[in-house]
Each structure stands twice: as structure tokens, then as C-alpha cells.
Amino acid sequence: MAVLIFLLQFLAAVIFLPLHILSYLGLWDPFVKKLFPHFLTRFTESYNKLMDDEKRKLFKNMSDFSGPSKELRLLELGCGTGANFKHYPSGCKVTCLDINPNFQNFLSESQAKNEHLIYESFVVASADNMTSVADSSMDVVVCTLLACSVPNIPAVLKEVKRVLRKKVLNSSWKLIFDGCSIRRTTWKDLENAKFSEMNLRHINAPVPMKLIRPHIIGYAVK
């Protein structure tokens, strides 16, 4: 068995060697950033059909997090193609943040389909360093399928707490693409972030690939 594992690892190393070389030369990341939005557009269509009920239940009480003015200011981290827009309440003011600027061109279709929302801006930044978002400026922060991809989850949670006026809403996390690690124990990082209240559930998403079925879904309150 040890020999077989070694051979498989060696074969994988040989197959992916060109990608490692391109990455070392700085050529791979720009290519992936242009390609990934096209892939995610197709993936999101099927994924949303499978996860629609879970998202609807999770987001149904979002209006309860509105500020004193009754306006709901929402920041979505890793907004991607805007797959969550249809679940947000009418009149919600949405700021989209993604480290990949190529997603901005893919948001227009989702925005056109969801005219019940007010779109404020698209911020190109990493979720663990979003200095352009002001302190205590958001009522809700949403993040879907992101925590597996960011390099520093505690730093992301620290930033989330900084920009929140009072409360936070974090959605289902766990997938394998675009630098995503499926070995992370994200719920432990959330526990260590010391939110005043947490409501998380571990679920198995109804997706075909068993490897990416484990999800965390729920919210935390600042």
C-alpha cells in the first residue's frame, strides 16, 4: 500500500508540475482569476438548486438585523456572481467585495434579475484586509463558500467584527476550488472569534460529490 501511495503521489506531482512552474513564474494566478468566474457561473446554477431551501431558511430573518433607521446595509464577502441576491430583503443596500476583479462583469446579470436591492459598490479587496470598508458601517456580513479559500480565517473574522455595526450573518462554507482547503475546521475559528452568540449547524449538502458535502450553515452575532 505504501508503494502504491508513493506512486500515486509521484504521478500527481508529474501531472501538476507544469502548473507549479506557471505558478512560480506568476502566470497561473492571473489565468485562474479570469477562468474561475466562468466556471462559478455554471457551478452556481446547479449548486443553488440543491441549496435553495437551506439558504431561504437561513436568510429569512435577515431584516431583523436592520439598523435604527430600518435600513439594512449588507456586505457580501466573496460575492462571486451574486448567487445570494435573490434571498436578500427588498431595499437592502448591498456592497459586494471580492479579491477577484473579474467577477464585477459577471454581477450585472444577477443585479438585473434582483431589482429589489440597492447596489452600493464593488470593492476589490481580500476579506482579511478590507480597509476601504469603514468601521461599524454594516448591519450584516454574508459569506458563502469563502472560508476555505482565505489564507487567514481569524483575520477575516476580526475584520468582520470591525465593520459590523452590531450583528453578523455567515452562510454555508466549505468547497474545494480556487485555493479552497477542505481540511479546515472553520467552526473552531468562529468559536475562537468570541462572538456574543453563535447559531451554527453542520449539514451534508445534497451535492453529488461526497468530498464537498460537509457544510457549516448559520450565523453569529457581534
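Remarks
- Odd one out for Phe85 among (1) modelled with pLDDT of 90 or more; (2) closer than 23 Å to Lys158 by Cα: (2)
- Across segment 100-127, the number of residues qualifying as open to solvent by 20 Å² or more (accessible area, probe 1.4 Å) and more than 14 Å from Leu75 (Cβ to Cβ) comes to 13.
- Lone qualifier among Glu45, Glu54 - being open to solvent by less than 60 Å² (accessible area, probe 1.4 Å), under 26 Å from Leu145 (Cα atoms), charged (D, E, K, R) and modelled with pLDDT of 70 or more: Glu54
- Some residue of segment 128-142 being within 24 Å of Lys34 (Cα to Cα) and open to solvent by less than 20 Å² (accessible area, probe 1.4 Å): yes
- Cross-chain or 6+ apart pairs with Cβ under 6 Å, segment 128-157 first and at positive phi, then assigned to a loop (DSSP other than H, G, I, E, B): Ser136/Arg165; Leu145/Leu175
- Condition check for Cys96: at pLDDT 90 or above, of a type in the set (A, V, I, L, M, F, W, C) and over 15 Å from the mean Cα position of the chain (by Cα): no
The values are calculated or read from the model by the stated rules, or taken from the named source; none is laboratory data. All figures in this text were calculated on a predicted structure; none of them were measured in a lab. Don't worry about glycine lacking a Cβ; one is built from the backbone with ideal geometry, like all the others, and counts go over all protein chains shown. Just so you know, the surface numbers come from the protein's heavy atoms only, side chains and all, with ligands and any DNA or RNA stripped out. Shrake-Rupley method; radii C 1.70, N 1.55, O 1.52, S 1.80 Å.
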